[in-house]
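Structure, as structure tokens:
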Amino acid sequence: MSSKKMGRPKSDNPKSKTIEIRVDEEILSKLDAAAEKLNTNRSAIVRKGIEKIYDELQK
């Protein structure tokens with residue numbers, strides 16, 4: 001047998017920090033709809049939103 005490890009490969013940019021936020025049903029519904037439409041997950045949508053706001057503030 002190979003000595004190679006099984007499982008998910010290591011990420012170049014590991015996501016080791018977590019945040020918890022409170023949202024109402026409307027925001028959660030919008031988040032889920034966006035994630036489904038873009039074929040991704042909630043976390044990716046939130047990260048993308050943070051990047052977008054940050055970039056706008058840098059202008």
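General remarks:
- Label corresponding to Cα extents along the principal axes in Å when calculated from the structure given, among (1) 31, 21, 19; (2) 51, 31, 22; (3) 27, 24, 22: (2)
- Solvent exposure of the chain, expressed per residue, is 111 Å² of accessible area, with all protein chains present and a 1.4 angstrom probe.
- Mean Cβ count within 10 Å, highest first, over the residues of peptides 46-55, 5-14: 46-55, 5-14
- Solvent-accessible area, 1.4 Å probe, carbon plus sulfur percent, for the chain: 53
- Estimated from the Cβ-Cβ distance and a Förster radius of 30 angstrom, the FRET efficiency linking R22 and K59 is about 0.55.
- Cβ-derived FRET efficiency at R0 25 Å, D12 paired with A35, nearest 0.05: 0.65
The values are calculated or read from the model by the stated rules, or taken from the named source; none is laboratory data. Here the structure is a predicted model, which is why all the values come from computation and not from measurement. Counting neighbours? That spans all protein chains shown, and the Cβs are built from the backbone with ideal geometry, glycine included. Surface accessibility is based on the protein's heavy atoms, side chains included, excluding ligands, DNA and RNA. Shrake-Rupley method; radii C 1.70, N 1.55, O 1.52, S 1.80 Å.
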